[in-house]
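Encoded as structure tokens, the structure appears first; notes follow it.
Rule-based calculations on the coordinates, nothing more; no lab input. Because the structure is a prediction, the values reported are computed rather than measured. When we count neighbours, we look across all protein chains shown, and the Cβ atoms used for this are built from the backbone with ideal geometry, even at glycine.
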Amino acid sequence: MEKKVLHWIATGRVGSSSKAMALAACEVQSAKSYPLDPGDLNRCLLMLQQVPEVRHHFDKIAALSEVWGRLIDRWGEIEATFLEEAGLDWSKQRRAPDTYRLMKEVIGNDPNVIQLGPGAQIRFQ
């Protein structure tokens, strides 16, 4: 799996949350970024398509943070909603408002985020 992850990092569309998933699965210390929107989620799903073995390590990903735990608990629902609504890599449409609403509901309040004002926040790792 590690070789596949390395290949994906070198050639795939890597975002901070997809990288966090892949590295957690490989037991490599990294940032704990989680997908904040459907664009981030899409990159995670593309990584899972390229390295499906990461799914067998969802427990390690869930352990990254409270928010990751909530996301992994409902990953199947979030993934299915996105795939139905937008399709992998936006193959159906370029918007996913239902997925975004679901993600916001699941993410809830992150204790590591301080809101500075509308559209401005700081996340502590």
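Which values, in whole Å and largest first, are the semi-axes of the equivalent ellipsoid of the chain obtained as the square root of 5 times each eigenvalue of the Cα gyration tensor?
21, 19, 13
If N is the number of residues in segment 25-78, what value comes out of its Cα radius of gyration divided by 2.2 N^0.38 Å?
Details: Rg = 10.5 Å, N = 54, 2.2 N^0.38 = 10.0 Å.
Against the empirical 2.2 N^0.38 Å value, I get 1.05 for segment 25-78.
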Would you be so kind as to identify which of Ala63, Gly15, Ile107 lies farthest towards the positive end of the dipole of the chain, taking Lys and Arg as +1 and Asp and Glu as -1 on Cβ and the Cα centre as origin?
Gly15
27 Å Cα-Cα threshold exceeded, pairs from Lys3/Lys60; Lys60/Lys92; Lys60/Lys104
Lys60/Lys92
When the helices in the chain are scored as -39500 (n - 2.57) per DSSP H run of 4 or longer and the sum is shared across all residues, what 222 nm value do you end up with, to the nearest 500 deg cm²/dmol?
-16000 deg cm²/dmol
Under a point-charge model restricted to the Cβ atoms of Lys and Arg (+1) and Asp and Glu (-1), what is the dipole moment magnitude of the chain relative to its Cα centre, in debye to the nearest 20?
340 debye
Rounded, prolate or oblate (a/c below 1.5 giving rounded, otherwise prolate when a/b exceeds b/c) for segment 61-125 by Cα gyration tensor:
oblate
Quickly work out the Glu53-to-Glu2 label distance, labels modelled 7 Å from Cα along the C-beta direction, and quote it in nm with one decimal.
1.0 nm
Hits among aspartates and glutamates - C-alpha to C-alpha of Lys32 under 13 Å, sequence gap 8 or more where chains match
Glu66, Asp110
